[in-house]
Amino acid sequence: MMPLDESVVTDGRGSAARDGWERAAMTATAGVQDLFSVRGRNASEARERGGGPGMISFTAGFPDPVHLPYEGVAEATGRLMSTHGQGPLQYGAVRGYTGLLDLLIEKLGRDQGIRCAQENMLLTSGGSQALALLIDLFLDPGDTILSEEPTWSGAVRAFANVGVNVEGIPLDDDGARVDVLEAKLRDLHARGIAPKAFYMIPNFQNPGGMTTTLERRRRIVALAREYNFVIFEDDAYFDLRFEGGQLPTLYELAGGSHVAYFGTFSKIVAAGMRIGWLVADKALIDRLSVLKVDGGSPFAAHIAHEYCKDGVLEARVQELIALYRHRRDLMLGELNERMPEGITWRVPEGGFFIWLDLPAGLDATRILAACRERGVEFLPGTACFFHGEGRRNIRLSFSYADDEQTVRGMRALCEVIGEQLTA
Ligand code: PMP
């Protein structure tokens, strides 16, 4: 493995370098700030990724840095350059490199049970751009949408940036509470408000870790038809299932109508490649392709294809499942052994996260301040809620810190919580 380039890595074991856009926002002159769009004005809070030098980071959903496919991608790049000439260095088709689309179509059919063709697909710059494009297609400032809550902090920011009203749907062990969803839909429609979308992460939810049951998936699809909203099905962690059987996607259950499905290579190949995909009805993809002015990176798409083909992706996924299952179990072992009474969590069947519920009297922000002094960081729950809740929640990512750091970091966290419980 090559050493990490600290000017590129913005988290965790690397440096705490700030993103360019944050720097730009901070140095904008007052006059120029008056020119900001609604989105620009909404984007006021700097994002929290954590990861100062020497910190043990349970903060971001970053893949394990040691297991990034350095050699495999280096070889694939060499092969690509010698067999494809300049082609991948040119602009490409807006929908993305067809070789990778075909590889994904086969994978989605085999693993996800999704039948789709190139006309139903769009390559994106990660799941983040897939969500951004769906927001572009469907949402105007002031629109109302529904979302699981808590949810992925990136989605919280994306919805806040555009200025939509988000109605949160709480979750339990079986996924989003469909009884609440249905009551909310009825109530909103009675008030003349028709939510346009429901954002959900059905597998190993970020941050909660739960998986939506088949019965609830069916019910949500039926509600989407009845109340005419689109399900934004974010399946970023689908492949990282440690145990139990896969459930059908909502896209498949709905026969492709009222659902836009998206996934990413960030968690299973390399987040730095910025490769994701969107699957939807042809009519939606046609419009999304017009909205997507940026053609993405044909170079990254070619390398991803060259690297993944011939069963390499499947073998890699199996290795990652073993790695992250081990890390989850290591973290759970420390929690079971050392976490004081009163703090609860569920065992995720996959994904990257364990979500802690803290009892009254504890505050995640105060715990974080004390943990930082001992060199440990995590994501406070507030980043995952739309309206400031989550003070009594902690999201722990077990994907990034190595074994030794995980054990050391968890011991410090449990100690800090013990101290603050008795203070
Ligand atoms: N969805 C979820 C639920 C995520 O956790 C993430 C990454 N943290 C993403 C989407 C997007 O990641 P990317 O843009 O790297 O594909």
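Worth pointing out:
- When the stretch 343-402 is filtered for residues that are without any contact (Cβ under 8 Å) to a residue 60 or more places away in the chain and on the phi > 0 side of the Ramachandran plot, only 388 remains.
- Any hit, the stretch 307-324, residues being surrounded by 15 or more Cβ atoms within 10 Å (Cβ to Cβ), among the charged types (D, E, K, R) and either within 16 Å of the ligand (Cβ to nearest atom) or over 18 Å from residue 266 (Cβ atoms) (or both): no
- Contact map, the stretch 128-145: first residue assigned by TED's automatic domain parsing to the domain that holds residue 194, second residue of a type in the set (Asp, Glu), Cβ cut-off under 9 Å, separation 6 or more or different chains; pairs are 129/294; 130/234; 131/234; 144/167; 145/167.
- The set of residues in the stretch 212-221 being more than 16 Å from the ligand (Cβ to nearest atom) and surrounded by 15 or more Cβ atoms within 10 Å (Cβ to Cβ) consists of 213, 216, 217, 218, 219, 220, 221.
- Looking across the stretch 376-412 at every residue that is assigned to a helix (DSSP H, G or I) and in contact with a strand residue (DSSP E or B) (Cβ under 6 Å, 6 or more places away or on another chain), the one that is farthest from residue 59 (Cα to Cα) is identified as 412.
- Residue within the stretch 358-375 that is in a loop (DSSP other than H, G, I, E, B) and either under 17 Å from residue 400 (Cβ atoms) or within 22 Å of the chain's Cα centre (by Cα) (or both) present: yes
- All positions within the stretch 93-114 that are over 18 Å from residue 275 (Cα atoms) and free of Cβ contacts under 8 Å to residues at least 60 places away in the same chain: 109, 110
- Looking only at residues in the stretch 229-257 that are among the β-branched types (Val, Ile, Thr) and within 16 Å of the ligand (Cβ to nearest atom), the one that is surrounded by the fewest Cβ atoms within 10 Å (Cβ to Cβ) is 249.
- So residue 95, is it in contact with a helix residue (DSSP H, G or I) (Cβ under 7 Å, 6 or more places away or on another chain) and either surrounded by fewer than 17 Cβ atoms within 10 Å (Cβ to Cβ) or not hydrophobic (A, V, I, L, M, F, W, C) (or both): yes
- Of residues in the stretch 124-171 being away from the ligand (no atom under 15 Å from the Cβ) and under 18 Å from residue 294 (Cα atoms), the one surrounded by the fewest Cβ atoms within 10 Å (Cβ to Cβ): 136
- Taking the numbered list (1) closer than 26 Å to residue 82 by Cα; (2) away from the ligand (no atom under 14 Å from the Cβ); (3) assigned to a helix (DSSP H, G or I) in turn, residue 295 passes all entries but (3).
The values are calculated or read from the model by the stated rules, or taken from the named source; none is laboratory data. The model shown is predicted, which means the values in this text are computed figures rather than measured ones. Glycine also receives a Cβ, built like all others from the backbone with ideal geometry; neighbour counts cover every protein chain displayed.
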